[in-house]
1. By the scheme Lys and Arg +1, Asp and Glu -1, what is the net charge of all other residues having a beta-carbon under 14 Å from that of Arg111?
2. Just order 72-79, 371-378 by mean Cβ neighbour count inside 10 Å, highest at the front, would you?
3. I need the semi-axes of the equivalent ellipsoid of the chain: take the C-alpha gyration tensor, multiply each eigenvalue by 5, square-root it, list largest first in whole angstrom.
4. Sequence-distant or interchain residues sharing an amide H contact under 5 Å with Thr188, placed H: which?
5. Given the convex hull over the Cα atoms of segment 297-382, what projected area results after averaging over all orientations, in nm²?
6. For the chain, what is the number of Lys pairs with C-alpha distance below 25 angstrom, counting only pairs 8 or more positions apart or on separate chains?
7. Starting at 0 and stepping by 10 Å, how many percent of the alpha carbon pairs of segment 209-333 end up in each bin?
8. In terms of modelled amide H atoms, which long-range or inter-chain residues lie less than 5 Å from the amide H of His117?
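Computed from the coordinates by the stated procedures, all read-outs in this text should not be read as laboratory data. The shown structure was predicted, so the numbers you read here are calculated from the model rather than taken from an experiment. All Cβ positions, glycine included, derive from the backbone under ideal geometry; neighbour counts span all protein chains shown.
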Amino acid sequence: MTVSPTLRPASIPVPMATAEMLAPPAFHVMTKPRGAICNLDCAYCYFLKKEDLYEGSRFRMDDALLEDYVRQYIAAQRVAEVTFAWQGGEPTLMGIDFYRRAVELQARYRRPGMTIHNTIQTNATRLTDEWGEFLHANGFLVGVSLDGPREIHDTFRVDKGGNATFDRVMRGIEILRRHDVEFNILTTLHAANADDPLRIYRFLRDEVGTRFMQFIPIVERDNATGFQEGETLTSRSITGAQYGRFLVTIFDEWVRNDVGTVFVQSFDVALGIWAGMGSSLCVQAETCGAALAMEHNGDLYSCDHYVEPLFRLGNIRERPMIELVADPRQKAFGEAKRETLPRQCRECDVRFACHGGCPKDRTLLDRYGEPGLNWLCEGYYRFFTHIDQPMQSMVEELRAGRPPANIMAMTREADAQLLDAVRRAGRNDACPCGSGRKVKQCHGRTTATTASLTG
């Protein structure tokens, strides 16, 4: 049985002053100025199907709505820094002039002392030098979708004609580099790349040259609607075991070599959690509801993964955005993440780091037969238990005013000590790593390199 957030309360209009009190001081909107329209046809894309919701639409945000959105979004934020996130589909299909206009409007409606940021998530295949100049001049942070080396990336990320896209993406990245545009890489994890963690990580680090990475697991419902319904997943989906192995493997590489020089979103979020600051990512927060999505026509939805009729809050042309964000249905949506946790999650010793994961991935029964266990639970548990000690050490360094990167030297020293202990142990002795296995079945399988100690 699938457990998804519900919008049980009725929508009750509230006065603006009340809405301002009920709405969070800051919230995030993923804006889709071209809706689901894209020049690619990625096999696992959950958003392409959303085109069916707007039959007959031109799928272009008009200038009046753009101004309405910029004005309302800035007015609703009660913080000093505001970020506009442009997504799709493929947002570059709107053309540069649309974003030039957006920047002008942001300058017009920005309150004194407020800083405006812009991010854009793109497949990078349409970038030109003109785009590079614009993005650099206006300080855009660019997210580029890239799934790994050529044969891996091209497995699922193809254009409308079924043609490979890797070379076009790499050309786009080169344009960003040439114009000194800040960018990060978003890599989806799926059946075609989940079993190659070091190859993927090293490719992104050493060949692409990125220093900022996000890894997003593909958990894809197998249905005709494209909605978050049904328990059957496609064969493209990653398993919990694969996800755990992937994160653990690249963490072991990172914690020995790249702390402070390569930034992996999952690791940065975890460090914040271990430091007691809570999760900066909705997936691992106790509740959600502060990350919404807006379609090209002004329809506001509870979440980017729930662009479905049931989760449509309204349209910002008909009701102010802040009223929609303060709607009781949105509060119920966000709190359902915590309230629907099954018993296994409530008892779990890594609940503080996971909080059951994203509700869209809760497709399993837990060990007590309760619905709502996350499909990726096995992976979350392995990852969070694996990183506990290193995270504690990094937090200690931070609190002492020292760089967390000191963990690299600590880890390499621990490796050397373990390697020495393994060499001195008998083949049938318990492995010094504490796994409970015999040396010959664990780290004694090979002691030729320190890398073997990460297994």
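1. Values: positive: Arg71, Arg78, Arg108, Arg110; negative: Glu81.
Computed value for this residue: +3.
2. Working: 72-79: 18.0, 371-378: 22.8.
Highest-to-lowest ranking by the protection proxy: 371-378, 72-79.
3. Details: eigenvalues 300, 136, 100 Å².
The three semi-axes for the chain are 39, 26, 22 Å.
4. For Thr188, whose amide H was placed from the backbone, the distant partners under 5 Å are Leu146, Ile216.
5. Numbers: hull surface 25.7 nm².
Taking the Cα atoms of segment 297-382, their convex hull projects to 6.4 nm² on average.
6. Lysine pairs meeting both conditions in the chain amount to 15.
7. All Cα pairs, binned at 10 Å, distribute as 11, 29, 32, 23, 6, 0 percent.
8. Hits under the 5 Å cutoff: Val82, Thr83, Phe84.
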